[in-house]
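Enquirer: First the structure, which I've put down as structure tokens, then a few questions once you've had a look.
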Amino acid sequence: MSLSLAPQGERAMERRFLVLFLPRWPTDYLKRRDPTLGGPLALSETVKGGLRLGAVDEEAASHGLWPGQGLADARALLPGLVVRALDGPGLAAAFADLADWHTNLSPLVAVMGPPGSYGDLAIDITGAAHLFGGESALLTLALDRLRSRGYGVAGAIAPTIGAAWALSHFARSQIVDGTALAERLAGLPVAALRLAPDQIAGLTQMGLRRIGQLHGRARPALEARFGSSLLLRLDQAYGHAEERLVPRLPLAEYRAERRFPDPIGLMDDVLAATGDLAIQLAHRLEKQGLGAQQFALLLYRVDHKVMTLAVRAARLTRDPVHVTRLFTHRAERFSGEYDAGFGIDMIRLEAGATGPLDPVQTGAFATADGLADLDDLIDRLDSRLGAGAVLRSQQRASHIPERAMRLVPAQSPAPRAQPHPRRPERPLRLLSRPEPIAITAEVPDGLPAAMLWRHNSYRLLRAAGPERLEAEWWRRGQRLELVPQPDPQTLKPAEQPPYVAALPRFDARAQTRDYYAVEDETGCRFWIFRQGFYGEPVAPTWYLHGFFA
């Protein structure tokens with residue numbers, strides 16, 4: 001949740017928030033996964049070297065057990081207690097999946113609390129309640145479908161997140177509008193403001209047990225005694241300070257969805273519905289003059305799970321036939337993992353990475369350069385074979401031949417190439433690794449006259465070169481030796497600092513290459529190079545690096 005103060009004097013449009021409170025989520029989730037668990041259940045965790053209860057179910061709570069109690073004391077009070085280890089990250093991940101499933105009510109869903117929290121869902125239902133027959137029907141639907149799966153849940157709808165949280169925790173299943181908000185909050189305990197335990201204890205000692213009692217108190221005194229967080233929570237609950245909901249899933253501005261009265265299960269039915277949604281989405285994008293490169297298909301299963309299929313296009317598009325074809329190819333790879341469970345009751349198609357896309361002339365006066373067909377082919381191959389299966393070459397800022405190009409996904413954006421104005425000719429085929437050869441010349445530094453490669457001899461009739469390529473010293477793991485500068489007053493050489501005395505000196509001559517383009521008596525042209533220099537302690541070596549056309 002990100003917080004910001006609303007401008008003074010401006011009344012924003014009233015928003016509507018639904019907060020779902022699952023007080024027994026850890027134990028309810030574990031019982032749903034393992035129906036054989038019976039009797040009172042508790043989850044234990046290690047706190048400061050001791051085992052304590054992290055969560056208890058309804059039956060264990062009825063026997064007087066509570067989270068934070070020592071495990072030994074709990075077993076003494078209830079010998080038949082069933083204890084399992086509390087898996088915090090696993091519970092948080094499962095609750096995040098549950099939050100994603102609730103995006104079939106509204107795309108704006110967040111898990112309240114710090115990262116790794118579970119138990120409270122906040123949903124922005126502004127403008128979405130009419131799709132379910134009103135707020136009352138929406139709240140009933142949200143609660144009933146969770147209770148039917150064995151989860152204890154309470155919920156509330158209010159104009160602010162803070163008020164909805166307070167009502168869901170302390171009033172249960174209420175719908176409050178802006179006119180009755182102050183009256184409903186006034187009778188709730190101060191703990192409904194999401195305060196720290198020490199703040200609640202301090203307010204209780206002062207006799208301030210209800211939220212309504214805080215209005216008659218001076219704000220500076222409350223801030224000095226309990227901090228600014230008390231006033232912030234109070235203002236958020238009443239709507240005087242804005243509390244923004246940050247959804248778990250990125251919000252797609254352009255989307256289309258379809259709900260089914262009876263769940264579907266076949267992939268053919270899913271793809272048929274996808275084609276209809278692609279047409280609807282294309283009309284919306286066309287009205288705005290936009291296209292998209294990323295498309296996501298969300299399949300909402302009845303058993304609160306969400307399956308996602310994502311495809312990407314090489315260029316902006318809104319062609320529904322092309323988008324449907326991409327999902328068809330993607331579904332072929334997904335068929336082995338596809339599991340509709342008890343059925344799919346909703347499908348949503350989202351478009352991302354949008355950008356301006358002008359209408360394209362089609363017909364007798366259209367000009368086709370083949371690039372669009374090539375992009376469509378790359379899209380189909382990538383969706384069928386998987387992301388990263390189709391690659392293309394991309395130039396890099398390097399004059400070393402094997403580093404001048406790299407392979408990148410074909411759908412990645414291609415930067416505009418800036419060719420070197422005096423770039424020499426390069427071979428059509430470059431070996432992945434230069435291969436050693438033996439060279440014979442009339443003089444050591446003369447042009448090559450014969451070559452021995454893979455036990456075959458080649459008589460060289462023509463040769464051009466050398467083209468010298470120096471080493472890229474900045475890519476080496478060794479650092480340059482720092483040469484001390486002379487003292488500007490005495491002009492005497494300064495002493496070498498002790499912390500750089502042992503630094504190795506970079507030897508550029510050992511990596512220098514002299515390239516030659518040579519041609520044998522059959523007309524074959526080779527690209528060879530010599531590494532090193534004659535007259536050095538280490539003799540130079542020759543390599544074959546590529547072939548010209």
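Enquirer: Determine the per residue accessible area of region 214-287 with all protein chains present and a 1.4 angstrom probe, expressed in square angstrom.
Expert: Numbers: 4320 Å² over 74 residues.
Value returned for region 214-287: 58 Å² of accessible area per residue.
Enquirer: If one computes P(r) from the Cα atoms of region 120-279, what percent of pairs lie at distances over 23 Å?
Expert: In whole percent, the share of Cα-Cα pairs in region 120-279 beyond 23 Å is 52.
Enquirer: Continuing with this model, one more query. First measure r as the distance between the Cβ atoms of SER398 and ASP339, then evaluate 1/(1 + (r/R0)^6) with R0 = 51 Å and state the FRET efficiency to the nearest 0.05.
Expert: Numbers: r = 47 Å, r/R0 = 0.93.
Efficiency, from the Cβ-Cβ distance: 0.60.
Enquirer: Next question. Just subtract the alpha-carbon distance of GLN288 and ARG217 from 0.36 nm times their residue separation and send over the number in nm, one decimal.
Expert: Numbers: separation 71, 0.36 × 71 = 25.56 nm, distance 5.23 nm.
That works out to 20.3 nm of additional length.
Enquirer: Rg and Dmax of the chain, Cα atoms, in Å?
Expert: 35.2, 105
Enquirer: If R₀ is 60 angstrom, what is the calculated FRET efficiency for the pair ARG32 and GLU442, using the beta carbon separation as r and rounding to 0.05?
Expert: 0.10
Enquirer: Shifting gears a bit: What accessible surface, in Å², does a 1.4 Å probe find on PHE548, ignoring ligands, DNA and RNA and rounding to the nearest 10?
Expert: Rounded to the nearest 10, the figure is 20 Å².
Enquirer: Stretched out fully, how many nm does the piece from SER228 to LEU51 gain, at 0.36 nm a residue minus the Cα gap?
Expert: Details: separation 177, 0.36 × 177 = 63.72 nm, distance 3.52 nm.
So the extension gain works out to 60.2 nm.
Enquirer: OK, next. Given a 1.4 Å probe, how much area per residue of region 1-156 is accessible, in Å²?
Expert: That works out to 48 Å² per residue.
Enquirer: Non-local amide H neighbours of ARG392 (under 5 Å, H modeled in plane, Pro and chain starts lacking H): which ones?
Expert: VAL408, ALA410
Enquirer: Apply the a/c threshold of 1.5 to the C-alpha gyration tensor of region 84-198 and tell me whether it is rounded, prolate or oblate.
Expert: It comes out oblate by the Cα gyration axes.
Enquirer: Does anything in region 443-464 have its amide N under 14 Å from the 7 Å Cα→Cβ label point of LEU431, and if so which residues?
Expert: Counting backbone N atoms under 14 Å from the label point, the list is 451-458.
Enquirer: In square angstrom, rounded to the nearest 10, how much accessible surface does ARG15 have for a 1.4 Å probe?
Expert: 90
Enquirer: Next question, about the same structure. Compute the angle between helix 161-170 and the longest alpha-carbon principal axis of the chain, please, reported from 0 to 90 degrees and rounded to the nearest 10.
Expert: Once rounded, one gets 50 degrees.
Enquirer: What figure in square angstrom, to the nearest 10, would you give for the accessible area of VAL390 with a 1.4 Å probe?
Expert: Accessible area, nearest 10 Å²: 30 Å².
Enquirer: What residues qualify as long-range amide H neighbours of GLY291, i.e. H under 5 Å apart, gap of 5 or more or another chain, H built at 1.01 Å from N?
Expert: GLY355, LEU357
Enquirer: Pairing the Cα long axis of helix 320-334 with the longest principal axis of the chain, what angle in degrees results, from 0 to 90 and rounded to the nearest 10?
Expert: 90
Enquirer: How much FRET efficiency would the formula 1/(1 + (r/R0)^6) give for ASP358 and ALA182, where r is the Cβ-Cβ distance and R0 is 30 Å, rounded to 0.05?
Expert: 0.05
Enquirer: What nm distance separates the two modelled labels at SER173 and LEU407, each placed 7 Å from Cα along Cα→Cβ?
Expert: 6.0
Enquirer: Could you work out how far helix 135-147 tilts from the main Cα principal axis of the chain, as a 0 to 90 degree angle to the nearest 10?
Expert: Rounded to the nearest ten degrees, it is 80.
Enquirer: Same structure again: I'd like the Karplus ³J(HN,Hα) series for region 192-205: coefficients 6.51, -1.76, 1.60, θ = phi - 60°, whole numbers in Hz, and an x wherever there's a Gly or Pro.
Expert: Per residue, the Karplus-derived 3J(HN,Hα) values read 6, 8, 6, 8, 6, x, 5, 5, 5, 5, x, 5, 5, 5 Hz.
Enquirer: When the accessible area of the chain is split by element with a 1.4 Å probe, what percent falls to carbon and sulfur?
Expert: Details: 16410 of 30770 Å².
About 53 percent, which is the carbon plus sulfur part of the accessible surface.
Enquirer: If I take all pairs of Cα atoms in region 14-129, what percentage of them are more than 22 Å from each other?
Expert: The answer is 41 percent, as a whole percent.
Enquirer: I need the semi-axes of the equivalent ellipsoid of region 194-291: take the C-alpha gyration tensor, multiply each eigenvalue by 5, square-root it, list largest first in whole angstrom.
Expert: Values: eigenvalues 543, 64, 22 Å².
Values for region 194-291, descending: 52, 18, 10 Å.
Enquirer: Still on this structure: Would you please give the residues with an amide H less than 5 Å from that of ALA450, counting only those at least 5 places away or on a separate chain, with H modeled from the backbone geometry?
Expert: Under 5 Å from the amide H of ALA450 lie the amide H atoms of THR440, LEU460, each far enough along the sequence or on another chain.
The values are calculated or read from the model by the stated rules, or taken from the named source; none is laboratory data. It should be emphasised that the depicted structure is a prediction, and the values quoted were computed from it without experimental measurement. All Cβ positions, glycine included, derive from the backbone under ideal geometry; neighbour counts span all protein chains shown. The protein model used for the area step is the full one, side chains on, heavy atoms only, and it has no ligands, DNA or RNA in it. Shrake-Rupley method; radii C 1.70, N 1.55, O 1.52, S 1.80 Å.
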